[in-house]
1. With a sphere of radius 13 Å drawn around the Cβ of LEU296, what net charge do the other residues whose Cβ falls strictly inside it have (Lys, Arg +1; Asp, Glu -1)?
2. Which whole-number percentage describes the relative contact order of segment 1-132, with Cα contacts under 8 Å and a sequence gap of 6 or more?
3. Note down the net charge around ALA252, summing +1 for each Lys or Arg and -1 for each Asp or Glu among other residues with Cβ under 13 Å from its Cβ.
4. Counting each DSSP H run of 4 or more residues in the chain as -39500 (n - 2.57), what helix-only mean residue ellipticity at 222 nm follows after dividing by all residues, to the nearest 500 deg cm²/dmol?
5. Below 8 Å, C-alpha to C-alpha, sequence gap of six or more: please give me the relative contact order for segment 222-342 in percent.
6. Per residue, what volume in Å³ does the Cα convex hull of the chain take up?
7. If you take every DSSP beta bridge whose two residues both sit in the chain, what share of them, in percent to the nearest 5, is antiparallel?
8. Among LEU238, VAL193, PHE143, whose Cα lies farthest out toward the positive end of the dipole of segment 131-240, if unit charges sit on the beta carbon of Lys, Arg (+1) and Asp, Glu (-1)?
Amino acid sequence: MRNWSIPAGRIFGTELRIHWTFFILLLFVLFTTYTPQHPEMAARSLALVAMVFGCVLLHELGHALAGYKSGIPAKAIILLPIGGITLLDETRQVPQPGIKTWKRDIRIALAGPLVNLCIGLAAGLILAAVRHDVELWHKPYIFAGNLPRSLVWANLWLAFFNLLPAYPMDGGRVLRAVFSRRMDSITATRRAVSIGQTFALLFMLVGMLNNAWLTLIGVFLFVSAQLEERSVVFQSVLETVQLEDVMLTDFATLSPADTLEDALDKAVHSLQDDFPVVRGGDMVGVISRQKILEALRREGNAYVQSAMNRIFDVAQKKESLASAFRKLTARNLSLIPVVEEERLVGIVTLQNLMHSMALLAESRKLRR
């Protein structure tokens, strides 16, 4: 999601990104609504799209605020052609004693629809009091020719639609949280996913009859549910795998007194992208192949000490892989050294993690 989106600023410290397919939606709306006889309809249609996605953004900000209040700050909000996604940063999670996880998840999930419901009801009451010409109860409820009426019904529709128990929508997340009271997270997720995919298939079948957008939403829900299920399963595996199962034990190190040209020569003859820098048995820094090249271009043949990164974290052999991931992402690191009794016994890099996880999964299947 992040790789296929572009940054669009920050809101209350949360990064806002727009998926590139959003611009295809704008071109589609412009192409299907513009006519030489009524060019203003294209502008009004684009204004309607902008208004709806403004409501979607407020919906996602509701999730972000609820996450922040629950101790999980939001990392980013990504706008897609058919909605938005709030990415919560669990690496910065602040434990809150006394608050059950399932209650926290329900609170975060309901925050978005509640924002849209409040906006829709407030806008409806105001318009009913001061703008009788809006005709709130006339069809079509969402129409580019009547933006005030569309504001009311778009928010009410967003609130209702997101409360459907179709995982990974908000109602589906509430359902999974309820399931998780009596079963483990993987089983709860799979049960919620199966219900969500039933809704997705229903959307696709109904959409094939008279609504292409409903078909698109169904496809998106079906694929998203599968991705969410895999993510939860992968996370549970990370919690059970220890670093000693996947760490690299045969690795090259550098000395702070090595020159950058010597370091580059060692990097050329190694499969590593990242190297621990060791002095007298103590690890003093980390340097990457890319950093070596950049320093050579910028400064010439200096010493590794001048270019290495002195900020790094360490992990123990018995720590879980999930713990290592959190440490890597919290400081945007690419390597974490594994120590035992303050002695460097291995390294874990982002480069080898996915490869190791795939081999580990296959070895466990063969053992079973």
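The values are calculated or read from the model by the stated rules, or taken from the named source; none is laboratory data. What you are looking at is a predicted structure, and each value in this text was computed from that prediction instead of being measured. In this analysis, Cβ positions are derived from the backbone assuming ideal geometry, glycine residues included, and neighbour counts consider all displayed protein chains. Keep in mind that these areas ignore ligands, DNA and RNA; they rest on the heavy atoms of the full protein, side chains included. Shrake-Rupley method; radii C 1.70, N 1.55, O 1.52, S 1.80 Å.
1. On the way: positive: ARG289, LYS291, ARG297, ARG298; negative: ASP258, GLU261, ASP262, ASP265, GLU294, GLU299.
Residues close to LEU296 contribute a combined charge of -2.
2. Values: 157 pairs, mean separation 29.9, N = 132.
RCO, segment 1-132: 23 percent.
3. On the way: positive: LYS266, ARG289; negative: ASP250, ASP258, ASP262, ASP265, ASP273, ASP274.
That sum, taken over residues with Cβ under 13 Å, equals -4.
4. On the way: 13 runs with 211 residues, N = 368.
For the chain, the value works out to -19000 deg cm²/dmol.
5. 29
6. On the way: hull volume 74.9 nm³, N = 368.
For the chain, the hull spanned by Cα atoms encloses 204 Å³ per residue.
7. Values: 27 of 34 bridges.
Rounded to the nearest five, the antiparallel share is 80 percent.
8. Looking along the dipole axis, the top candidate is VAL193.
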